[in-house]
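J.: After the structure tokens below, expect a handful of questions from me.
The values are calculated or read from the model by the stated rules, or taken from the named source; none is laboratory data. Small disclaimer: the values here were computed from a predicted structure and weren't measured. Note that we place each Cβ from the backbone using ideal geometry, even for glycine, and neighbour counts take in every protein chain shown. The protein model used for the area step is the full one, side chains on, heavy atoms only, and it has no ligands, DNA or RNA in it. Shrake-Rupley method; radii C 1.70, N 1.55, O 1.52, S 1.80 Å.
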Amino acid sequence: MDNLSEALEKLKLASTDSATDSVESCLDCLLKGLANNNTEASMKIQEMGVLPLLPTLLNPQSSCTPKVANIIAEVAKNEFMRSPCVEAGLIPPLVQLLNSTDQEVLLQTGRALGNICYDSHEGRSAVDLAGGAQIVAEHIKSLYQNTQPENEKLLTVFCGMLMNYSNDNDSLQAQLINMGVIPTLVKLLGIHSHNTALTEMCLIAFGNLAELESSKEQFASTNIAEELVRLFQKQTEHEKKEMIFEVLAPLAENDVIKLQLVEAGLVECLLEVVAQTVDGEREEDIAQLKTASDLMVLLLLGDESMQKLFEGGKGSVFQRVLSWIPSHNHQLQLAGALAIANFARNDGNCIHMVDTGIVQKLLELLDRHVEEGNVTVQHAALSALRNLAIPVVNKSKMLSAGVADVVLKFLQSQMPPVQFKLLGTLRMLIDTQAEAADQLGTNGKLVERLVEWCEAKDHAGVMGESNRLLSALIRHSKSKEVVRTVIQGGGVKHLVTMATSEHMIMQNEALVALGLIAALDLVAAEKDFVGASLVSVLHKLLSDERSAPEIKYNSMILICSLMGSEPLHKEVQSLAFIDVVSKLRAHENKTVSHQASLTEQRLTAQS
């Protein structure tokens, strides 16, 4: 280290009289010291105050300049040296050097700026202020077609510099996007795909930029999909495939790019990865299988890409995905069920799938996961069944196939996501299906569990779906037995609360169910209606100007039904309903105004 101290002292003297030869030998000594022990040598350079001398040595005309820039690049590999480099005023002269035509100067300057920017807010701000990124972006634009090795080396450094400059910084990433670097980098990837270092640098830059929403449109206007798929097909190593996956995942969130990736043949690549890794036990096989199958599901989230792969239910991709459901691998079962849920996003697809026996496969899968089951697989299979149950023609077929019975096996689940999907599936199944609604509505265990979940305040989704299913059982069965089961199970108060929901559709479903309870068994429900303050809830709904016309209409129908009960009749009289109702006779909605007249007559007649 003594040699280094000596060289640093000499450099301090030599830099003032700019004797090139002595400076050159000092710089060589410094580079040697940095090569031996970078951290120690860097600390020495910092201690002896050499950094502030370097700006004067960064002279475009001097032959020493590449060495000075190289020293800065080496020093800036240490985190503790980056801020001092900025404070020593090194950024403006380095950025000036980017205008040089000398290859070695550009290379070392790019390295120096890239290293100073690495994870350093000060470094990035200083480069931003000096306009360094713009010059580098211009260089890449003018050089990207040149495939000479020295040029590829320079492009790798420049791509790395932009990457370090913008990493994890949204505003700087947006700046690069506005400079138009994306189309240039995509072309560069196509031309230099044989160069591993440059390709990797490009992929990392894409991974950075693809996270930003504003980048997606620019990516979509290039042939990035083809380039990435082509590159993926060439890879044999796990790490390289992972790097490409990391770019594909954020890009595939964009629907236009989803379709481009499907058309470029990504799906075939993914299916191949799945086939190669499904029986693998190495960690990297398991990771690749998950990434490939997750990406496959993501591609199916786009309507156009999904429909293209469905191919009227005859697509080879659709058939392959179907074969995942009976697989022994949980990850594939999950991806298969999620894929079916995604294919089941329009009536045509749903009808075709139910007609071709997919329901049986999903039921067998669920049966394998009842005891100690995998929660994500349960959730995915229930999601698929719920979607398949939406078209009216599918409901009776699915009920005949025993879907409700299998779904009920999960009533004891403690997992809110599973509870939520279970409720949604049953609600879809019984819509317009009186017999099924009757059967489920008289199932005491189910009603008991629904009432319990109606109080799940920590899980708004489960609470809402439980209320909606309770109401649906009554509305679709119109059965006195179902009404009795709900009253005995303690469900009435929850339906009254549901009538005050902020969602109009839920308010309406509750009012119709309450109307049916009052019409079918008012005597049995009377006590619960009084206990839940139903009359005052109805008064509020009718008085509230924000209540929708159908809410007002159904509230008045319900009031008329309640008049047959003495205690409820008394409550109606004490709340002066007649005033509220008579005002509604002038309501702009004809159905509401007509019902107001009828309700007023009823109230007057029975007062």
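J.: Tell me, what HN-Hα J-couplings in whole Hz come from the Karplus equation 6.51 cos²θ - 1.76 cosθ + 1.60 at θ = phi - 60° for each residue of the stretch 511-522, using x for Gly and Pro?
T.: 5, 5, 5, 5, x, 5, 4, 5, 6, 8, 7, 4
J.: Okay, next question. Loop-only GluC sites (Glu not before Pro) in the stretch 531-606, please: DSSP not H, G, I, E or B, and at most 12 other Cβ atoms within 10 Å.
T.: Details: sites: E545, E550, E571, E588, E600; in loops: E545, E588.
Of the GluC sites (Glu not before Pro), the ones in loops of the stretch 531-606 whose Cβ has at most 12 other Cβ atoms within 10 Å are E545, E588.
J.: Still on this structure, I have one more. Keeping all protein chains in position, work out how much accessible area H494 exposes to a 1.4 Å probe, and write it in Å² to the nearest 10.
T.: Spelled out: H494, probe radius 1.4 Å, area about 20 Å².
J.: How high is the FRET efficiency between E239 and E371 when r is their beta carbon distance and R₀ equals 45 Å, given to the nearest 0.05? Can you show the working numbers first?
T.: Values: r = 39 Å, r/R0 = 0.87.
Efficiency for this residue pair is about 0.70.
J.: Can I ask one more? Going through the stretch 533-571, which trypsin sites (Lys or Arg not before Pro) have at most 13 other Cβ atoms within 10 Å and a DSSP loop state? Write out the running numbers ahead of the final one.
T.: Working: sites: K540, R546, K552, K570; in loops: R546.
Counting only loop positions with at most 13 other Cβ atoms within 10 Å, the trypsin sites (Lys or Arg not before Pro) in the stretch 533-571 are R546.
J.: Still on this structure, please answer the following. How high is the relative contact order of the chain? Use alpha-carbon pairs under 8 Å, at least six apart in sequence, and give a whole percent. Don't skip to the end; give the middle numbers.
T.: Working: 810 pairs, mean separation 31.2, N = 607.
Value for the chain: 5 percent.
J.: Please turn the phi angles of the stretch 347-357 into ³J(HN,Hα) values with the Karplus equation 6.51 cos²θ - 1.76 cosθ + 1.60 (θ = phi - 60°), one per residue in order, whole Hz, x for glycine and proline.
T.: Once θ is set to phi - 60°, the couplings for the stretch 347-357 become 4, x, 4, 4, 4, 4, 5, 5, 5, 9, x Hz.
J.: For the stretch 178-251 and the stretch 384-410, what is the separation of their Cα centres, given in Å?
T.: 43 Å
J.: Please work out how much accessible surface H594 shows to a 1.4 Å probe, ignoring ligands, DNA and RNA, in Å² rounded to 10.
T.: 110 Å²
J.: In nm², what is the average projected area of the convex hull enclosing the Cα atoms of the stretch 337-441?
T.: Here the figure is 5.8 nm², rounded to one decimal.
J.: Here's something else I'd like to know. For each pair in K445/K480; K552/K590; K493/K527; K240/K290; K290/K314, compute the distance between the two Cα atoms and list the pairs where it is over 20 Å. Mind showing how you got there, number by number?
T.: Numbers: K445/K480 18 Å; K552/K590 12 Å; K493/K527 10 Å; K240/K290 16 Å; K290/K314 25 Å.
The answer is K290/K314.
J.: To the nearest 10 Å², what's K153's accessible area with a 1.4 Å probe?
T.: 130 Å²
J.: Cα atoms only: what Rg and Dmax, in Å, come out for the stretch 466-607?
T.: 14.1, 41
J.: Please report the Cα spread of the stretch 128-228 along all three principal axes, rounded to whole Å, starting with the longest.
T.: Each principal axis gives a Cα extent; for the stretch 128-228 these are 33, 33, 19 Å.
J.: Take every Cα pair under 8 Å in the stretch 507-605 that's 6+ residues apart, average their separations, divide by the length, and report that relative contact order as a whole percent. Let's see the in-between values first.
T.: Values: 93 pairs, mean separation 28.9, N = 99.
Value for the stretch 507-605: 29 percent.
J.: Show log10 I(q)/I(0) for the stretch 251-302 at q = 0.20, 0.27 Å⁻¹, two decimals, from a solvent-free Debye sum over equal Cα scatterers.
T.: Computed log10 I(q)/I(0) values: -0.65, -0.95.
J.: Now for a different question. Consider just the alpha-carbon atoms of the stretch 8-139 and return their Rg together with their Dmax, both in angstrom.
T.: In order Rg, Dmax, the Cα atoms of the stretch 8-139 give 13.6, 39 Å.
J.: If you take the Cα atoms of the stretch 54-207, find Rg, then find the Kirkwood Rh from the mean of 1/r over all pairs, what is Rg/Rh? List each step's numbers first, then the result.
T.: Values: Rg = 14.4 Å, Rh = 15.3 Å.
Rounded to two decimals, Rg over Rh is 0.94.
J.: Only four residue types carry charge here, +1 at the Cβ of Lys and Arg and -1 at the Cβ of Asp and Glu. Report the dipole size of the stretch 453-540 about the Cα centre in Debye, rounded to the nearest 20. Could the numbers behind the result be given before it?
T.: Working: 9 positive and 9 negative charges, 36 e Å.
Roughly 180 debye, rounded to the nearest 20.
J.: Can you give me the three principal axis dimensions of the chain from its C-alpha atoms, in Å, biggest first?
T.: In descending order, the Cα extents are 114, 54, 42 Å.
J.: Another question, if that's okay. Can you tell me the FRET efficiency between A249 and E566 if r is taken as the Cβ-Cβ distance and R0 is 60 Å, rounded to the nearest 0.05?
T.: On the way: r = 66 Å, r/R0 = 1.10.
My answer for the efficiency is 0.35.
J.: Sticking with this structure for a sec: How large is Rg/Rh for the stretch 51-101, to two decimals, with Cα atoms and a Kirkwood Rh? The partial results should precede the final answer.
T.: Working: Rg = 10.4 Å, Rh = 11.0 Å.
Ratio of gyration radius to Kirkwood radius for the stretch 51-101: 0.94.
J.: Can I ask one more? Which loop GluC sites (Glu not before Pro) in the stretch 213-313, with loop taken from DSSP, have no more than 11 other Cβ atoms within 10 angstrom of their Cβ?
T.: On the way: sites: E213, E217, E226, E227, E237, E239, E242, E246, E253, E263, E268, E272, E281, E283, E284, E304, E311; in loops: E237, E253, E281.
When the GluC sites (Glu not before Pro) of the stretch 213-313 are filtered for loop state and at most 11 Cβ neighbours within 10 Å, E237, E281 remain.
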